[in-house]
Structure formats: C-alpha cells, structure tokens
Amino acid sequence: MAKQVDTTYGDALFALALEENKIDGLYEEAMALLPVLRENKELLSLFEHPQIDKAEKQKVIENTFSGRTSDEITGLFATMVAKDHGADILRVLEYFIRRVKKHKNIGLALITSAVELTSAQKAAIEMKLIETTSYRSVEAGYKVDPSLLGGLVIRIDDRVCDSSLKTKLEKLSRSLAKG
C-alpha cells in the first residue's frame, strides 16, 4: 500500500533534520508555522487551487517564506506544491511534530476530570505519568467533564486509563444485572 502524503513528506523532513542536526530548530519552526498557516486559510487554499499556475504558487512561496523560514521548510512547501500536495501542508507539519515528539520521548496526554484540577494536582499527575511510562516529559491537556462524577480518565497515545466513578458505577451495575 502506498504511503500517505503526510508520512512521506514528514518522514523526509525528519530524516533531513536528523542528518543535518536541525531537529530542534525545524521542530520549533513547525510549531510556530502551524497556527500562522491555520489562520491564513486563503494562503492554503491558494496552494491547492487547481486553476492557479504552479509557477505562481512557487512565487508566492518564495515571496512569503524565503528569508522568514529555513531553506528546508521553504523547500518542503515548494516541493509539495510542485507535486500537487499543497492541500496537505498542515498535515505534514503536524505529522513531523508528532514524529519529533516521539523521537524526543515526549508523551501527549489528555486528562479529563470531573472538576477543575489545581496546579499541584496537575503537576502530580504529570510526574506520575513520567514515572510510570517511558516518556522523559509529558505535554498534558486538561478537560473537565462533570458527568464523570469523580476520578480521572487519562488518554496517552493509544492507551486509556479510566478510573472515573461513572465507569466504576457502570461496571458495578452490569455486574449486578448479570448476577
């Protein structure tokens, strides 16, 4: 099966970053570019517009990014537009960022609680996640869902740890219904 556009270009950028020892710089650049590109939907729609000549798109890339971004990022955008993959630029940057985080052993967690957690509670949860996983650090997002009643639901990568009262009560109810 053919590789996805985001993995093909994202892996190429990652390999180049490793080879040239520019992981941190390109990672920071990708992180800074994502919100800018998300806000400028007109620019992204120009990159994918079928009736705009590729040479015009290349000029826009050169004028917009040259001197403001690294040659690697400018070259990536130019190559993607030349190959009719301008619509995938955001997905490639997002994939590259995830790839770098995996390389740097940074875990991404979403913690859902029934009530707002204090800073101390958040710090304790993040420390516990670092202690119990192979990650060196954790980037945590927090969400409040009062329907949990109590406890936490922690999603980290493809794993879920659900210690919410809601789930415990549902399991108890199913168990009682069977017996």
Would you mind listing how long the range 5-102 runs along its three principal axes, going by Cα atoms, in whole Å with the largest first? 38, 25, 23
7 Å from Cα along Cα→Cβ at both E94 and V60: what's the point-to-point distance in nm? 2.1
For P(r) over Cα pairs in 10 Å bins from 0, in percent, with candidates [x] 10, 38, 37, 13, 2; [y] 9, 28, 24, 19, 14, 5, 1, 0; [z] 11, 44, 38, 7, 0, the value calculated from the shown model is option [y]
Could you state the principal axis extents of the C-alpha atoms in the range 107-178, from the largest down, to the nearest angstrom? 44, 25, 16
Would you mind giving the average projected area, over all directions, of the Cα convex hull of the range 50-134 in nm² with one decimal? 9.0
Of K122/K143; K59/K83; K57/K83; K22/K83; K122/K171, which pairs sit farther than 18 Å apart, going by alpha carbon to alpha carbon? K22/K83; K122/K171
Mean residue ellipticity at 222 nm from the helices of the chain, using -39,500 (n - 2.57) per DSSP H segment of n ≥ 4 over the full residue count, to the nearest 500 deg cm²/dmol? -19000 deg cm²/dmol
Going Cα to Cα from K168, which lysines come in below 17 Å? Please leave out same-chain ones fewer than 8 positions away. K178
Cα-based helix-to-principal-axis angle, 5-19 vs the chain, degrees rounded to 10: 80
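Highest first, please rank the peptides 36-44, 145-153 by the mean number of other Cβ atoms sitting within 10 Å of their residues. Walk me through the numbers on the way to the answer.
On the way: 36-44: 11.8, 145-153: 14.1.
Ranked by mean Cβ neighbours within 10 Å, highest first: 145-153, 36-44.
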Distance in nm between S119 and L169 label points, each 7 Å along Cα→Cβ, equals 3.3
With a sphere of radius 15 Å drawn around the Cβ of A32, what net charge do the other residues whose Cβ falls strictly inside it have (Lys, Arg +1; Asp, Glu -1)? -3
Quick one: compute the contact order of the chain, relative version, from alpha carbon pairs under 8 angstrom and 6+ residues apart, as a percent. 21
Helix 165-178 vs. the chain, principal-axis angle (Cα, 0 to 90°, nearest 10): 60
What angle, in degrees between 0 and 90 and rounded to the nearest 10, separates the Cα long axis of helix 89-103 from the longest principal axis of the Cα atoms of the chain? 60
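Values in this text are rule-based calculations from the coordinates and carry no lab data. Remember, predicted model here, so these are calculated numbers, not experimental data. FYI the Cβ positions are ideal-geometry reconstructions off the backbone, even for glycines, and counts take in every protein chain you see.
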